[in-house]
Amino acid sequence: VRLTRSLLPTLIARRGAIVNISSIQARLTLRGFFPYAAAKSGLEGLTRSLALEYASAGVRVNAVAPGYTDTRLVQEWLSLQDDPTATLAAVHANIPLGRMAEPREIGSAVVFLLSDQASAITGEVLAVYGGTGARFAPAPSPGRAGLPPATPPPSRRHPRGTPPPPPGVRRPLR
């Protein structure tokens, strides 16, 4: 946050962009990862908030959320497993593309979000985890993705049509 705050005048002057590095753990976490998952979830919230705050100044703020990536750290973790080969096979089996991302693929996503090709993108988190999120994606909610809003069942409708607004809220004039 301090770095972002110190760079904002330059970013505003140049109509720059920020790309934060989040993680699959912000959305699809594993047992024992709660501090990391909470931090990355907070970073995604910060990304969206900064995007809204500085969009009018021409500053774009996005994030990249990698999943398993073939890095030294992941290789060290694999080497600590009882059966590294079986563990790697299990990891690959849970990724629809059947493989981990390469570090250059994460870098390419960052470069894209910083480029002019992404000039209309802000407040987004680009998932780079081989389709893992598609396996766990929630169903679209009513009113989103082109679906009409749900109509309450007849038993839940107000007997005289539209229910009164909550206290302190005025009904718009027609």
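The values are calculated or read from the model by the stated rules, or taken from the named source; none is laboratory data. Source: prediction; values computed, not measured. A quick note on method: Cβ atoms are made from the backbone with ideal geometry, for glycine too, and the neighbour counts reach across all protein chains shown. What goes into the accessible areas is simple: the full protein's heavy atoms, side chains included, and nothing from ligands, DNA or RNA. Shrake-Rupley method; radii C 1.70, N 1.55, O 1.52, S 1.80 Å.
The table below lists the values:
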read-out	value
VAL59 within 30 Å of ASN94 (Cα to Cα) and either surrounded by fewer than 19 Cβ atoms within 10 Å (Cβ to Cβ) or modelled with pLDDT of 95 or more (or both)	no
Among the candidates GLU53, GLU44, GLU76, residue that is open to solvent by 70 Å² or more (accessible area, probe 1.4 Å) and over 19 Å from LEU7 (Cβ atoms)	GLU76
Members of region 5-14 found to be more than 19 Å from ASP116 (Cα to Cα) and surrounded by 13 or more Cβ atoms within 10 Å (Cβ to Cβ), listed by number	LEU7
Filtered residues of region 60-117 (kept if over 22 Å from ALA37 (Cβ atoms) and hydroxyl-bearing (Ser, Thr, Tyr))	SER79, THR85, SER108, SER115
Test: residue in region 15-31 that is assigned to a helix (DSSP H, G or I) and exposed (fewer than 13 other Cβ atoms within 10 Å of the Cβ)	no
LEU78 being aliphatic (A, V, I, L, M) and modelled with pLDDT under 95	no
Per-region count, region 95-145, residues in a loop (DSSP other than H, G, I, E, B), open to solvent by 70 Å² or more (accessible area, probe 1.4 Å) and either in contact with a Cys (Cβ under 9 Å, 6 or more places away or on another chain) or at pLDDT below 95 (or both)	7
